Amino acid sequence: MYTQDIKTMKKMVAERFSPTTFNNQPVSDELINDMLDVARWAPSSYNEQPWKFLVAHNGEENFQKIYNALMEGNQNWAGDAPVLVVTLANNNYARNGKPNRHAWHDTGMAMGFFLMAGVEAGVQVHQMGGFFPEKIERNIELPEGYHPVAVAAIGYTQETAEQESRTRKPVREIRL
Ligand SMILES: Cc1cc2nc3c(=O)[nH]c(=O)nc-3n(C[C@H](O)[C@H](O)[C@H](O)COP(=O)(O)O)c2cc1C
């Protein structure tokens, strides 16, 4: 029966949360690459894989540039994260240049795979939409055609009240 497998999945999902504090354990570049190695297997429209992940470790020049692009509310906590990532999406199909209206959807899915791989390895990923994409586009050279979708702070943390207070709509509310 699948019941036990779903329980295991629910336990993984319960372990994930979006922390605003990180401990000082660094996140290795090897782990980030392992998480990306999972992310790249996300499904995507026409298997375009329209995503890229801009990775910056704390102390690197790009980390500061990404941090500077965050809105104030996020700057208040994200500066201590060991790693910041910007997901980028190509809004046009590489195969024919036509608009890819699934590009952001697919990039979010790749981020979902990336962050669950992180949970398995003991790190948390806190995504942020509160940033100024034009600041990133102005200050960091991005591959042609790719645009910032979201920023994420990544690091080790401990269980906190933030994690315990997570709530969700019940199934009956999301199932039509
Ligand atoms: C696309 C996206 C944008 C988000 N933007 C922000 C943000 O700007 N600042 C923030 O603190 N959290 C942000 N979050 C985190 C959500 O607030 C968080 O996922 C939600 O409250 C559920 O909490 P949980 O992740 O701990 O389960 C964002 C999450 C997503 C997926």
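Just so it is clear, none of the values below were taken in a lab; they were calculated from the coordinates. Because the structure is predicted, anything quoted here is derived from the model rather than measured. Here Cβ is always computed from backbone atoms with ideal geometry, including for glycine, and neighbour counts include all displayed protein chains.
Among 173, 60, the order by Cβ neighbours within 10 angstrom, fewest to most, reads 173, 60.
The H on the amide N of residue 131, modeled in the peptide plane, is under 5 Å from the matching H of 71, each at least 5 residues off or on a different chain.
In plain terms, the bigger the Kirkwood radius, the slower the diffusion; for the chain, with that radius from Cα pairs, at 20 °C and 1.002 mPa s, Stokes-Einstein puts D at 124 µm²/s.
The order of 126, 147, 105, going from fewest to most other C-beta atoms within 10 Å of their C-beta, is 105, 147, 126.
Rounded to the nearest 500 deg cm²/dmol, what is the calculated helix-only ellipticity per residue at 222 nm for the chain, with -39500 (n - 2.57) per DSSP H run of length n ≥ 4?
When only DSSP H runs of four or more count, the value is -12000 deg cm²/dmol.
When only the Cβ of Lys, Arg, Asp and Glu is charged (+1, +1, -1, -1), the dipole of the chain relative to its Cα centre reaches about 900 debye. Restricting attention to the chain, the count of lysine pairs at 8 or more positions apart or across chains with alpha carbons under 30 Å apart stands at 10.
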